[in-house]
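The values are calculated or read from the model by the stated rules, or taken from the named source; none is laboratory data. Since this is a predicted model, take the numbers as computed values, not measurements. All Cβ positions, even for glycine, are placed from backbone atoms using ideal geometry, and neighbour counts span all protein chains on display. Note: accessible area is taken over every heavy atom of the protein model, side chains too, but ligands, DNA and RNA are not part of it. Shrake-Rupley method; radii C 1.70, N 1.55, O 1.52, S 1.80 Å.
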Amino acid sequence: MNQIQEVINKLLEKYRSLESGRPASYIPELAKANPKDFSIAVVTAEGEVYKAGDHTRPFSMQSTSKPFSYGMILEDFGRDFIHAKVGVEPTGEAFNSIVELEKHTNRPFNPMINSGAIVVSGLIKGETLQERQINVLARFSKYLTHDMMVDEKIYLSEKNTAHRNRSIAHLLRHFGVFDSDIEATLDIYFKQCSIMVNTVDLAMMAATLANGGKQPITGEIALKKDYVGDMLSLMFTCGMYDSSGEWAYSVGIPAKSGVSGAIFGVVPGKLGIAVYSPPIDEKGNSIRGLEVFKDLSRELNLSIFR
Ligand code: GLU
């Protein structure tokens, strides 16, 4: 058997019994996830797929969508425009933190945390929410070989409970970081977070980035090569919430996690990897996901520094 397949089969068995953590509950729909769901997928930059576990189980992208919306806005508006509004520094604070907005520049630190991602999503083009949704789905699905959809239940569940994100958006509006309608800006952000994928999809999106922005199977350009490095460097420094330093040290590849329990990582030129397991730690990272990535990085020698 191929070495990648052997390793992911082994890691699935090894970490299946790890039962700490709980699915996120601050978005009520996410609390319904089955804590036992667990899958790993690896897709090479040439499009070869390896998978283990419940790899067809759909889940919402949540923050794993943030690098992709950032890439989309980079293509549409360029670096200078976006980075006049959102910086490129890690915060060391939680993903949904509000303090750094108040204490420092009044501008989000980076596009991988909620405040920065809300500003980025607010720039998605379209006159209506529906047009913006169509736009984001079309752009994200270029990383795949099929169409994508939004889960309306998850979207509404977040929209109806998003008091913290709503307060972040009000503060951003107050500081003039954006001047558009607050609810419209939040709506497209919630929609983007509710886009559904499975583990193979997410690994395929990662493999497209590993392949310099070109979808390995369709050959379509999902993201201009020039912007892939922007995305990957911010994933590397800011992608794993306030565990980004620990992750850089112990895993050593650009990655992004989401509170649905997904983590994806990109080994440039080589592989895209995704793990899905809903129980998360207090920082918001999938607990089994963290362990799988650490082992996988060591066993397949994936750290970009080694
Ligand atoms: N939609 C979630 C939120 O804004 C995304 C958080 C995450 O996955 O980190 O709270």
> GLU100 is checked against (1) surrounded by fewer than 23 Cβ atoms within 10 Å (Cβ to Cβ); (2) touching a helix residue (DSSP H, G or I) at 6+ places or on another chain (Cβ under 7 Å) and fails just one. What number does that condition carry?
Replying inline: (2)
> Exactly one of (1) small (Gly, Ala, Ser); (2) at pLDDT 95 or above; (3) open to solvent by 10 Å² or more (accessible area, probe 1.4 Å) is unmet by GLY213. Its number?
Replying inline: (3)
> Among the residues of region 237-272, which ones are polar (S, T, N, Q), farther than 23 Å from ASN198 by Cβ and within 13 Å of the ligand (Cβ to nearest atom)?
Replying inline: SER243, SER244
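Table: residues versus (1) surrounded by 24 or more Cβ atoms within 10 Å (Cβ to Cβ); (2) away from the ligand (no atom under 16 Å from the Cβ).
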residue: ALA41; (1), (2): yes, yes
residue: GLU46; (1), (2): no, yes
residue: TYR50; (1), (2): no, yes
residue: MET61; (1), (2): yes, no
residue: ALA94; (1), (2): no, no
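Residue-wise test of (1) more than 16 Å from the ligand (Cβ to nearest atom); (2) basic (Lys, Arg); (3) surrounded by fewer than 15 Cβ atoms within 10 Å (Cβ to Cβ).
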| site | (1), (2), (3) |
| --- | --- |
| ASP80 | yes, no, yes |
| GLY87 | yes, no, no |
| LYS159 | no, yes, no |
| TYR189 | no, no, no |
| SER194 | no, no, no |
> Of these, VAL177, VAL150, VAL200, which one is farther than 26 Å from ALA94 by Cα, touching a residue at least 40 places away in the same chain (Cβ under 8 Å), open to solvent by 10 Å² or more (accessible area, probe 1.4 Å) and touching a Lys or Arg at 6+ places or on another chain (Cβ under 6 Å)?
Replying inline: VAL200
> Considering VAL275, VAL228, which residue is within 16 Å of the ligand (Cβ to nearest atom) and either buried (at least 21 other Cβ atoms within 10 Å of the Cβ) or not in a helix (DSSP H, G or I) (or both)?
Replying inline: VAL275
>> Here's a check for you: in region 96-121, which residue that is more than 12 Å from the ligand (Cβ to nearest atom) and assigned to a helix (DSSP H, G or I) is farthest from LEU186 (Cα to Cα)?
In response: LYS103
> How many residues, within region 282-306, are within 16 Å of the ligand (Cβ to nearest atom), under 21 Å from GLY53 (Cα atoms) and not in a helix (DSSP H, G or I)?
Replying inline: 2
>> Quick check on my filter: what residues within region 114-139 are under 19 Å from VAL177 (Cα atoms) and open to solvent by less than 10 Å² (accessible area, probe 1.4 Å)?
In response: ASN114, SER115, GLY116, ALA117, ILE118, VAL119, VAL120, SER121, ILE124
> Do we have ILE217 as in contact with a helix residue (DSSP H, G or I) (Cβ under 9 Å, 6 or more places away or on another chain), among the β-branched types (Val, Ile, Thr) and closer than 25 Å to PRO35 by Cβ here?
Replying inline: no
> Mind checking which residues of region 1-49 are within 17 Å of PHE59 (Cβ to Cβ) and free of Cβ contacts under 8 Å to residues at least 24 places away in the same chain?
Replying inline: SER25, ALA31, LYS32, LYS36
